[in-house]
Amino acid sequence: MRFFTSVHLLLLAYIIAALVYWEIALQKQSAQIYAGDITILKSQVDSLHDPGIYNQRFSSLRHKRIMRTYQFGGEGTAFLIVILIGAVVVYTSFVRRITLSRQQNNFMLSVTHELKSPIAAMKLNLQTIEKHRQLDEGKRIELVERSIKEANRLNDLCNNMLLISRIEGRQYKPAKELFDLSEMIKDTLNDYASRHTRKFEKDVTPGCKITGDKMMLQIALNNLLENAVKYTPADKPVHITLHKKQNAAIIRVADQGSGIPDNEKKKVFNKFYRVGNEESRRTTGTGLGLYITKKIIRQHKGRITVKDNTPSGSVFEIILTM
Ligand code: ADP
C-alpha cells in the first residue's frame with residue numbers, strides 16, 4: 001500500500017513536472033516566434049514611413065501571440081485536470097480494493113476462529129463420553145447438553161454469516177413494502193411473552209406505518225429483544241416503546257441488566273465484538289447480532305444508538321423515517 005502510494009505520487013509528480021516543462025518550453029517558443037515575426041515586420045515595413053500598416057501588422061502579431069499564450073495555457077490546464085482526475089480515480093479504486101481484501105481477510109480469520117471453537121468443544125465432549133463409557137448419567141447428560149449448546153451456537157453463527165453475506169452483497173437491496181410497525185412489534189412481544197416467564201412491558205403507539213423490508217426489520221428487533229433477555233436477570237422486565245415524532249418512528253428496547261460501559265457502546269456494533277465481562281462470557285453468542293442490526297437499520301436510512309438505562313441496564317434506540 002505504502003509502496004503503491006509512493007510510486008503513484010512519484011509518477012504523478014513526474015507527469016506534472018513534464019507538463020510544466022512543456023508549458024514553459026511552448027511559451028518560450030511562442031515568444032521566439034513573436035520576436036522573429038517582429039524582426040521580419042521591421043525589415044519589411046518602415047514604421048516611420050508607413051506607420052498605419054506597421055501598427056496594424058504589429059497588433060495582429062501581438063494578438064496572435066496572446067491567443068497562443070491562452071491556447072497553450074488552456075490546453076496545459078485541461079491536461080492537468082484530466083491527469084489529476086485520473087490519478088484520484090486510480091488511487092481511490094486501489095485503496096477500495098485493498099480495504100476490501102483486508103476486510104475479507106480479517107473476516108475469514110475471525111470466522112475460522114469462531115467456527116473452530118464450538119467444533120473443538122463438541123469434539124472434546126464426545127471424546128470424553130467415548131473414552132469413559134462408565135461415566136455417570138448426570139455427567140453424560142451434562143456433556144451432551146453442552147454439545148447441543150455448541151451445535152446451536154454453530155447453527156446461529158452459520159445463519160448470521162449467511163445473513164451478513166446477503167446484506168453485505170452489493171446486489172442486496174432492502175424490499176420496500178408498506179407495513180404496520182406497531183402490529184409487528186405487538187405480535188413479536190406476544191410471541192416473546194408466550195415463550196418466556198419474564199415480563200415484557202410495552203407502550204406502542206398504534207398505526208405506525210413504515211416502508212421497508214419487514215423480514216429484515218423483524219430480525220433487527222428480535223436481535224435487540226434476544227439481547228435484552230440474555231443480558232438481564234430473569235426477574236427484571238424488558239420495556240419496549242414505539243413512538244412517532246414528526247415523520248420518524250422511534251423504537252426503544254430498555255432492560256435492567258448489566259448495562260454497557262461507555263467505552264464499549266460503539267464497539268458492540270462491530271463484527272464479532274463481545275464485551276469482555278462476566279455477563280457476556282456466561283452467555284453464548286456470536287457477537288454478530290448488533291452488527292447485523294446496525295447494518296439493517298443503516299440500509300433503511302435509520303439510526304441505532306445505545307444509552308444507559310436508569311437505574312441500571314441499557315436502552316437501544318432505533319430511529320426510522322416513516
Ligand atoms: P452476542 O449477543 O451474540 O454476543 P451481539 O452483537 O448481539 O452479540 O452483542 C454484542 C455484545 O454487546 C454482547 O456480547 C454483549 O456483551 C453486549 N450487549 C448487547 N446487548 C446488550 C444488553 N442488552 N445488555 C448488556 N450488554 C449487551
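Results, tabulated for the structure shown:
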item: Cross-chain or 6+ apart pairs with Cβ under 9 Å, the range 128-149 first and over 19 Å from P118 (Cβ atoms), then outside any helix (DSSP H, G or I) and of a type outside the set (D, E); result: K139/H132; R140/H132
item: Residue match in the range 153-175 (condition: farther than 23 Å from Y291 by Cβ, free of Cβ contacts under 8 Å to residues at least 40 places away in the same chain and of a type outside the set (S, T, N, Q)); result: no
item: Qualifying residue in the range 271-284 (condition: at pLDDT 95 or above and within 25 Å of P174 (Cβ to Cβ)); result: no
item: Residue within the range 133-141 that is part of a helix (DSSP H, G or I), surrounded by 12 or more Cβ atoms within 10 Å (Cβ to Cβ) and acidic (D, E) present; result: no
item: Matching residues, the range 230-271, being within 8 Å of the ligand (Cβ to nearest atom) and either among the hydrophobic types (A, V, I, L, M, F, W, C) or assigned to a strand (DSSP E or B) (or both); result: V253, I260, V268, F269
item: Selected residue (criterion: nearest to K176 (Cα to Cα)) from residues of the range 291-304 that are touching a residue at least 40 places away in the same chain (Cβ under 8 Å) and open to solvent by 20 Å² or more (accessible area, probe 1.4 Å); result: H300
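Yes/no per residue for (1) open to solvent by 60 Å² or more (accessible area, probe 1.4 Å); (2) among the small types (G, A, S):
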| residue | (1), (2) |
| --- | --- |
| F3 | yes, no |
| A13 | no, yes |
| V45 | no, no |
| N55 | yes, no |
| H63 | yes, no |
| I66 | yes, no |
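The values are calculated or read from the model by the stated rules, or taken from the named source; none is laboratory data. The shown structure was predicted, so the numbers you read here are calculated from the model rather than taken from an experiment. Using ideal geometry, Cβ is built from the backbone for each residue, glycine included, and neighbour counts are taken over all protein chains shown. Remember, those area values only see protein heavy atoms, side chains included, never the ligands or the DNA or RNA. Shrake-Rupley method; radii C 1.70, N 1.55, O 1.52, S 1.80 Å.
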